[in-house]
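Quick notes on the structure that follows.
What follows is calculated from the coordinates using simple rules that are stated; it is not laboratory data. Predicted model only: the values in this text are computed from it and were never measured. FYI the Cβ positions are ideal-geometry reconstructions off the backbone, even for glycines, and counts take in every protein chain you see.
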Amino acid sequence: GQETAVSELKKPLVPASLNMSDYVNQFLFPQNECELHDFRLSFSQLKWDNWIVAPHRYNPRYCKGDCPRAVRHRYGSPVHTVVQNIIYETLDSSVPRPSCVPAKYSPLSVLTIEPDGSIAYKEYEDMIATKCTCR
Amino acid sequence: SQASRREAQIAASSELESEAEPWSLLQPADRRDKSGLLPPLFKVLSDGQGGAPRLQPDSRALQYMKKLYKEYATKEGIPKSNRSHLYNTIRLFTPCAQHKQALGDQVTGILPSGNLLFNLDRVTTVEHLLKSVLLYTINNSVSFSSPVKCVCNLVIKEPKSSGKTLSRAPHSFTFNSQFEFGKKHKWIEIDVTTLLQPLVASNKKIHMSVNFTCMRHHLQPPLAQDGLFNMTLLVFPSLILYLNDTSAQAYHRWYSLHYKRSPSQVPDQKSNLSAYPVGEEAARDGRFSRHRR
């Protein structure tokens, strides 16, 4: 592949239209990279407020964005993710790119009115995404 | 390979089903989806229904549980980490049947008593009882110049036996409790854990009668004429159960405090061992002592 490498080297590193700082920024601060997003909802929107008394607002948050190629160090992704990305880029694009998904969650306390009129306070695991990863 | 794949599918679906069970606690009992794999919570999401109509709870009981919620969770619903107890579920039951009896006697300070029946159907098999409390609500703030002493007599009646086993004599449980009444007091909590512990696990109905007599703590029993004072009425008590839900969906505080750690925080075994040539157990002790520090 030396010829291709040499020809690659001859190409201008930075496209003429893009000046150096923009070029560097696109790697330092990539657009819509995989990260955590808020989604504040109230149980009245789900019409659940007749049995969920508290909390009034619930922000389950979600992960969205592109997984950069160098996922290893930034997202704590396993090496498998890097391999899957290489397969997608070089061997078979029908293999999906790694996905941006939650890696950690926090619990949620809810106060509910039960059908028999009793009242229940419960703490549920894994109800709010707190960290994203690429897998 | 077909057979193994089939087995794997069966195992996965049965696991999903067992996982789905605890979610149904979030759902009204009559909408529990026994067959479907999807937890009923998502069915409610898709139907957009808020669940079947339900009995309205007692307003004072709801006020108490809202106060308790504020103590245990933030406005966003995050459990406060400054609590070390193990219960992740608290259920408040109001008596479903109370034989009317004089609603307390304003003159002698005897509080309302009567037969109370609590229906505990909502307590699931994965919820283990840690503590139970009888909660009395004081209708109006009482104005005592000195602390009040109450004697409470609790009689738990055995549920109607099926006839095969002889029903044992009802448990009688008398204990003295001292309450400091003040302007701010609106509730009286009576711990009945030791009495109810054996019953909650096996019975879905608790039948009890409660007799309360209060007097100024240094006076003779209420019969002494000068000890009479104007006791505000108390309504019938609620029963509060503090439970540990052992299902996978429930939040296990003690677990997340002690065990949950991201891989980067766990020291790498190999490098640790090489740092301690004396052997693995010494290395392990070294690691633990450092963590403890």
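In nm, give the distance between the simple-model label positions of B:Thr124 and B:Leu55, each being 7 Å from the Cα along the Cα-to-Cβ direction.
Reported label-point gap for B:Thr124 and B:Leu55 is 2.1 nm.
Which of A:Lys64/B:Lys67; B:Lys66/B:Lys204; A:Lys47/B:Lys75; A:Lys10/A:Lys64; A:Lys11/A:Lys64; A:Lys47/B:Lys70 have a Cα-Cα distance over 29 Å?
A:Lys64/B:Lys67; A:Lys10/A:Lys64; A:Lys11/A:Lys64
Around B:Asp121, with a cut-off of 10 angstrom between Cβ atoms, what is the net charge of the other residues, counting Lys and Arg +1 and Asp and Glu -1?
With Lys, Arg at +1 and Asp, Glu at -1, the neighbours total +1.
Give me the inter-chain shielding for A:46-59: mean count of other chain Cβ atoms within 10 Å, whole number please.
5
What's the exposure ranking of A:Met20, A:Met127, going from fewest to most Cβ atoms within 10 Å?
A:Met20, A:Met127
Using a Förster distance of 22 Å, how high is the FRET efficiency between B:Lys186 and A:Ser44, based on the Cβ-Cβ distance and rounded to 0.05?
Once the sixth-power term is evaluated, E becomes 0.20.
For B:Ala73, list long-range residues whose amide hydrogen, built 1.01 Å from N in the peptide plane, is under 5 Å from its own amide hydrogen.
B:Lys80
Can you list the residues, at least 5 places off or on another chain, whose amide H is less than 5 Å from the amide H of A:Tyr105, using H built in the peptide plane?
A:Thr130
Quick one: A:Tyr121, A:Tyr58, fewest Cβ neighbours within 10 Å first, how do they rank?
Sorted ascending by nearby Cβ count, the order is A:Tyr58, A:Tyr121.
Over the whole of B:68-81, what's the average partner chain Cβ count within 10 Å per residue? Rounded to a whole number, please.
Per residue, the average neighbour count from other chains is 5.
Could you list which residues have their amide H under 5 Å from that of B:Trp187, counting only those 5 or more apart in sequence or on another chain, with H placed in the peptide plane?
B:Ile138
Points 7 angstrom from Cα along the Cβ direction at A:Arg57 and A:Tyr88: gap in nanometres?
3.4
Tell me the label-point distance for the pair A:Ser99, B:Asn82, using the 7 Å Cα-to-Cβ offset, in nm and rounded to one decimal.
Computed distance between label sites A:Ser99 and B:Asn82 equals 4.0 nm.
Averaged across the residues of B:122-131, what count of C-beta atoms belonging to other chains lies within 10 Å of each residue's C-beta?
Averaged over the peptide's residues, the number is 1.
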